[in-house]
Amino acid sequence: MGRHPRTPIPSGNYINAQMWYSKNANTGGDGHTRITQHMRDAESLFLSCDRTFTIRNVWAYPSGADSYATSDTQLVAENIDVGTNFSQDAVDVYTKMKGYFPEINVLVCFVEGNRFVENGQPSTYIGYTHQLEIGGDNSNYLILVSESADPPTLAHELGHVLNFSNKNGSANDPNPFPNDPIHNADSDNLMYPNIGGTNITPQQCNQFFDSKIIL
């Protein structure tokens, strides 16, 4: 089998990512419009930093359109533990996609169900970011997005990815939430623990765009 076709390299700042969905997940119908909306909304929020930003979904149909991946693996939020013993099924999906697309740093999985499990107990998580090390490279990030997630969820999780992949090492938020420094203390901020805010400060912008995975 030949190499999977790739989308063009964007002009300006971009990250190499691949969208994936569990076959029975709500993706917005045959056109997977929900996935596209989450991508475009996330890009627009980071563009508020007055810098270019593109989520390059690396796989392309021969016509050049984005192609979202799937597989036989069924990922259901209520069966995915994001705690100490992180879901091996989710990790296996990342590893498989990384084999097809070695240039990706981010795999976004749109899964079935509404809330993830943490250490065997129900949680309020509708999105989650997990860092992986593959072949000595720890610049690999798996983002899980449930069916309850609104578009700002992907932007919030990408904010974590950009901070975790800072050129100077994993970075906390510039205005940290008490006892939870990877989140922001302002309720209207994109990185507030309860996802819903969309504001991004200049300090956050500078830190986001100091990520080593932004090309």
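For the residues Ser139, Ser44, Ser146, the requirement of being touching a residue at least 60 places away in the same chain (Cβ under 8 Å), of a type in the set (Ser, Thr, Tyr) and closer than 22 Å to Phe208 by Cβ singles out Ser139. Entry remark, segment 200-215: residues being surrounded by fewer than 17 Cβ atoms within 10 Å (Cβ to Cβ), closer than 15 Å to Arg51 by Cα and either touching a Ser or Thr at 6+ places or on another chain (Cβ under 6 Å) or of a type in the set (S, T, N, Q) (or both) number 2 in total.
Can you confirm whether Gln74 is surrounded by fewer than 20 Cβ atoms within 10 Å (Cβ to Cβ), in contact (Cβ under 8 Å) with a residue 40 or more places away in the chain, within 16 Å of the chain's Cα centre (by Cα) and farther than 17 Å from Tyr100 by Cβ? Answer is no for this residue.
Please tell me if Asn189 is crowded, with 20+ Cβ neighbours inside 10 Å and either modelled with pLDDT under 95 or farther than 19 Å from Asn57 by Cβ (or both). The answer is yes for Asn189. Taking the stated definitions as given, is Asn179 touching a helix residue (DSSP H, G or I) at 6+ places or on another chain (Cβ under 7 Å) and either on the phi > 0 side of the Ramachandran plot or crowded, with 20+ Cβ neighbours inside 10 Å (or both)? No.
Taken over segment 131-141, the criterion of being out of contact with any Asp or Glu (no Cβ under 8 Å at 6 or more places or on another chain) and either part of a helix (DSSP H, G or I) or surrounded by 19 or more Cβ atoms within 10 Å (Cβ to Cβ) (or both) is satisfied by Tyr141 alone. Inclusion of Arg3 among residues that are surrounded by fewer than 17 Cβ atoms within 10 Å (Cβ to Cβ), over 14 Å from the mean Cα position of the chain (by Cα), at pLDDT below 95 and basic (Lys, Arg) is warranted.
Can you name every residue in segment 15-55 that is among the basic types (Lys, Arg) and under 16 Å from Asn199 (Cα atoms)? The one that is among the basic types (Lys, Arg) and under 16 Å from Asn199 (Cα atoms): Arg51. Scanning for something out of contact with any Ser or Thr (no Cβ under 8 Å at 6 or more places or on another chain) and in contact (Cβ under 8 Å) with a residue 40 or more places away in the chain, does segment 170-187 turn up at least one residue? Checked segment 170-187: no residue is out of contact with any Ser or Thr (no Cβ under 8 Å at 6 or more places or on another chain) and in contact (Cβ under 8 Å) with a residue 40 or more places away in the chain.
Residues are listed down the side, and each one gets a yes or a no for (1) under 17 Å from the mean Cα position of the chain (by Cα); (2) not hydrophobic (A, V, I, L, M, F, W, C):
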| position | (1), (2) |
| --- | --- |
| Ser139 | yes, yes |
| Leu142 | yes, no |
| Ser148 | yes, yes |
| Asn172 | no, yes |
| Asp180 | no, yes |
| His183 | yes, yes |
| Pro193 | yes, yes |
| Asn199 | no, yes |
| Ile213 | yes, no |
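The single condition among (1) modelled with pLDDT under 95; (2) within 22 Å of Ser165 (Cβ to Cβ) that Asp30 does not satisfy is (2). Residues of segment 165-202 that are of a type in the set (Asp, Glu), outside any strand (DSSP E or B) and touching a Pro at 6+ places or on another chain (Cβ under 7 Å): Asp173 alone.
When we screen Leu154, Leu158, Leu162, Leu144 for residues that are at pLDDT 95 or above, in a strand (DSSP E or B) and of a type outside the set (Val, Ile, Thr), the only hit is Leu144. For Ile15, indicate whether it is assigned to a strand (DSSP E or B), among the β-branched types (Val, Ile, Thr) and within 21 Å of Gly135 (Cα to Cα). So Ile15 fits the description; yes.
The values are calculated or read from the model by the stated rules, or taken from the named source; none is laboratory data. Computed from a prediction, not measured in an experiment: that's the story for all the values here. So basically every Cβ, Gly included, is an ideal-geometry build from the backbone, and we count neighbours across all protein chains shown.
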